[in-house]
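The values are calculated or read from the model by the stated rules, or taken from the named source; none is laboratory data. Computed from a prediction, not measured in an experiment: that's the story for all the values here. FYI the Cβ positions are ideal-geometry reconstructions off the backbone, even for glycines, and counts take in every protein chain you see. The accessibility values were calculated without ligands, DNA or RNA, using every heavy atom of the protein model including side chains. Shrake-Rupley method; radii C 1.70, N 1.55, O 1.52, S 1.80 Å.
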Amino acid sequence: MPGEWLELLRHVARHVREELLSLAETMGPPRDAREAKEREHVADGAACRALLEGLEEVGFAGTLVCEDMGIRELGGGRGPPYLLVDPLDGTRNFSRALRIASISMAICAGPSLEHLREGLVLDLFSGEEFWAISGRGAFSSHGPLHASRTGELGKAVVSVDKSHVGKADGWVMDIACSVDATRQLGSASLELCLVAAGTLDAHVDLRERIRPTDVAAGVLIAREAGACVWLRGKMEPGVALSPDEKVRLIAANPSLFEQLTCLLRPYMPEGGLVLYPRDHKPK
C-alpha cells in the first residue's frame, strides 16, 4: 500500500536526528584537520547506533543497505524490502560545525533503484522534512514540491560535487562555463531535495564516488517533483544496491536535463538508468 513505510522512516530519522543534535551541542569548530577527522568517526558511529535503535523500536524486517554498516538482514527479513540509508549525509560538514547535513532513507521494493517506492530526507539542523511516495508526488514540511521551470542552461544554478576531481575531469569546467552559477553543499541528498523544490535547477556528480545510499531518497523526491534523473553504477550500469557501488548522476527539470546530457555526453558511459517524471514523455 502506498505510504505504508513513511511513518516508519520518519520515526527512525527523527530518532537519529535527536542523537546527532545532542552530539553537535558538544562540538564547536575543530582545532585542526586531525580533530575534524576524529569527529567524523564519532559522528558516523553515533548515527549508526541511533539508526539500529530506531529500526529495532519500529520492528523493521527486511534488508538494510547502509554506507557504514554494509548489508544486514534485520528482523528475520531477507530480500525486499530494501532500506537504503545514509544516517549522516554530510559527515565532513558536521565534523566542522558547518550546519548542512541530513538523514537519508529510502525503501526499494526490488533490487534496483527502479524499484524505489518511498523516500525521506530530514535536514539535520533545520528539521525540515522532504518526502515522496512513488506515483503520489513529492512534499516538504512547507507543502508540495515542484522542480524549477528554468529553460536556459545559461540561466541555471547547478550544484556540482567537484571534490577529488582530477585534471582529466573536464565536465566540471564544461558546466561552470555553461551555467549562470554553481554551488557545492556537501550533502547530496539535500542538494537533490533542493532540485525538487526548485531552489536549485540541477545537480550533477560524475566523479563515480557517490553511493546509492547517499542519493536514493533524493532521487525519488526529485523525480516525483518533476525532475529527470540519470544514474550509472560502476559495478552495474543499472546501479547495484550495495554500499560498495559508486554512481554518476545528473538530475534536472526535463528541459535542462536534455541540455545537460547533450553537453556532458562525452563524460557519460553507455547505459545506465534514466528515471523520468510520471507525466513526461521522452523524446
Quiz item: Å³ per residue of the Cα convex hull, for the chain?
Solution: 124
Exercise. Give the residue from G226, A101, G90 lying farthest towards the positive end of the charge dipole for the chain; charges sit on Cβ (+1 for Lys and Arg, -1 for Asp and Glu) and the dipole is referred to the Cα centre.
Key: G226
Practice problem: Whole number in Å², please: accessible area per residue of the chain, 1.4 Å probe, ligands, DNA and RNA not counted. | Solution: 44
Quiz item: Magnitude of the Cβ-charge dipole of region 130-277, K/R +1 and D/E -1, about the Cα centre, nearest 20 debye?
Solution: 60
Quiz item: What percentage of the solvent-accessible surface of the chain, computed with a 1.4 Å probe over protein heavy atoms, is contributed by carbon and sulfur atoms?
Solution: 48
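Hey, any idea what Rg/Rh is for region 1-95, computing Rh the Kirkwood way over Cα pairs?
Rounded to two decimals, Rg/Rh equals 1.03.
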Exercise. Mind checking the full-extension length gain between A176 and S22? Use 0.36 nm per residue of separation minus the Cα-Cα distance, one decimal, nm.
Key: 51.6 nm
Quiz item: On full extension of the chain, what length is gained from I71 through K234, given 0.36 nm per residue of separation minus the C-alpha to C-alpha distance?
Solution: 56.9 nm
Practice problem: Compare the Cα positions of V195, V165, A138 along the charge dipole of region 121-220 (+1 at Cβ of Lys, Arg; -1 at Cβ of Asp, Glu; about the Cα centre) and return the one farthest towards the positive end. | Solution: V165
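Between V58 and Y276, 0.36 nm times their residue separation minus their Cα-Cα distance comes to what?
75.2 nm
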Self-check item: Ranked by how many other beta carbons lie within 10 Å on average, peptides 107-117, 134-144 from highest
Solution: 107-117, 134-144
